[in-house]
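Here the structure is laid out as structure tokens; the discussion comes afterwards.
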Amino acid sequence: MDTSFIIDVLRSEPAALEKSKGLDARRDAKFLSTPVVYEITSGLLYTRSRSEAGAFRAIASRFVILPFDEPAAAKAAEIRAELMRLGRVKSHVDVMIAGVAAAGGHSLVTRDADFRDIGSAVGLAVEGY
């Protein structure tokens, strides 16, 4: 799951809640990556929103947390290099999130158009909502 999806669930966005119900009906594991945890946590620390922080911890506890480890870093580097060759550079954190998903062979749930662009450039499976 990408940051945008988790934030939209926290904000009770109807499309995200509907997607969440569909994901819950699946038997496959659901993952958050450490770069997503970083992005959301830094925003929550900035805003000092204790209620949102508590809600995020509750949501995050339902997921397996995947690390940005050496295989993910190698995949992220490949993705970044290809995007640079194509002149379609994205943020480092987005590339790290994509690297974790791609290294594990996972699809990424997001509404962020940058990930659709990354997916089309490097073959990352992206699920919108």
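The residues listed here are ARG116, ARG85; of these, the one that is part of a helix (DSSP H, G or I) and within 21 Å of GLU18 (Cβ to Cβ) is ARG116. Considering every residue within segment 58-81, establish whether at least one is polar (S, T, N, Q) and modelled with pLDDT under 95. For segment 58-81, residues polar (S, T, N, Q) and modelled with pLDDT under 95: present.
Of everything in segment 1-20 that's among the small types (Gly, Ala, Ser) and touching a residue at least 40 places away in the same chain (Cβ under 8 Å), which residue is farthest from ILE97 (Cα to Cα)? If we take residues in segment 1-20 being among the small types (Gly, Ala, Ser) and touching a residue at least 40 places away in the same chain (Cβ under 8 Å), then ALA15 is farthest from ILE97 (Cα to Cα). List the helices (runs of 4 or more DSSP H) that sit entirely inside segment 1-68 and contain at least 1 residues that are at negative phi, small (Gly, Ala, Ser) and surrounded by fewer than 18 Cβ atoms within 10 Å (Cβ to Cβ). Passing ranges, in order: 14-25, 34-47, 50-60. Being of a type outside the set (S, T, N, Q), closer than 20 Å to ILE7 by Cβ and assigned to a helix (DSSP H, G or I): is that true of ALA98 here? Yes, satisfied. Out of the residues in segment 74-113 that are loosely packed, with under 14 Cβ neighbours inside 10 Å and of a type in the set (A, V, I, L, M), state the one that is nearest to the chain's Cα centre (by Cα). The extreme case among them is ALA113.
The values are calculated or read from the model by the stated rules, or taken from the named source; none is laboratory data. On a predicted model such as this, the values are computed, not experimentally measured, just so you know. Here Cβ is always computed from backbone atoms with ideal geometry, including for glycine, and neighbour counts include all displayed protein chains.
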